Amino acid sequence: MIKLPGSPSRKRVAALAVGGGVALIVAIFLVVYFVIFPTSSPKPFKLATSTAGPAATTTSASVPSAGVGGSWSVASGSEAGYRVREKLAFLPAESDAVGRTSSITGAARLTESKGTITITTASFNVAVNTLKSDRSMRDEKIHEIGLESDRYPTASFVLSGPVRLTRSAVAGHVTRASVTGVFTIHGTSKSRALPVEFTLSGSTLEAAGSITFPWSEFGMSAPSVGGFVNVTEKATMEFDLHLRRA
């Protein structure tokens, strides 16, 4: 065979073809990565902390003048949901995948005596089959894998013991207290203690917190789509409850 001057060798052509194929795969990988995964996500729930200390004077609008004893029900502004970190093959996402819902029901009963507010009972239900994130594909998949919300459409929490809050610390300010209760997620119930932030402002008692756990703790398997899109070994369930007197 006569080789024409300047014509590329077979090895060079093969190398160029392989290099082009690799570049194309990398390009597709990066496009999928940035299309599927969020570059930013909602921040975890956290109550705004007052710049004044608990002993500072607050306005009458921020502190209920009457006692707070009685039943308090979930009101508008309440949200709950999940937070996980996804991976595309070996590459983790830049931020968390977050899904939330405002479909929450429930109530708490409060008593007050000598400046101490006590939450004596509380129970809440979250319709996890209404969770929405920034990706419809993700929302559809959790109905079948992970949370399996088609099979287990509701998650719940029931308070196990009283929670005591000092009125001067919670009225118009943020205070933290340990809360123990039973979480039922994916049809599995577990008792957990967690720190919760509380604030009482006007006619609203707000509570925010979260728990992080291995998927297996509640009988779940970490979601995986084709073995290509996965999540890390732990998930977080978070909430921001707004309660008003019933």
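For the stretch 150-246, the spread of Cα coordinates along the three principal axes comes to 53, 24, 23 Å, biggest extent given first.
Counting charges near E206 (Lys, Arg +1; Asp, Glu -1) among other residues having Cβ under 12 Å from its Cβ returns a value of -1.
Its relative contact order, with pairs defined as Cα atoms under 8 Å and 6+ residues apart, puts the stretch 112-246 at 20 percent. A 1.4 Å probe over all protein chains sorts E233, E238 by accessible area into E233, E238, starting with the largest. Pairs of Cα atoms under 8 Å, at least six residues apart: use those to get the relative contact order of the stretch 74-141, whole percent. Dividing the mean separation by the residue count of the stretch 74-141 yields 29 percent. Here F183 sits with roughly 20 square angstrom of accessible surface, probe radius 1.4 Å.
Counting charges near T184 (Lys, Arg +1; Asp, Glu -1) among other residues having Cβ under 13 Å from its Cβ returns a value of +1. Could you compute the FRET efficiency for R245 and K43, with r as their C-beta to C-beta distance and R0 at 41 Å, rounded to 0.05? Working from the Cβ atoms, E equals 0.90. Take S95: with every protein chain present and a 1.4 Å probe, its accessible area is about 10 Å².
The values are calculated or read from the model by the stated rules, or taken from the named source; none is laboratory data. What you see is a predicted model; the values in this text were computed from it and never measured. In this analysis, Cβ positions are derived from the backbone assuming ideal geometry, glycine residues included, and neighbour counts consider all displayed protein chains. In case anyone asks, the SASA skips ligands and DNA or RNA and just uses the protein heavy atoms, side chains included. Shrake-Rupley method; radii C 1.70, N 1.55, O 1.52, S 1.80 Å.
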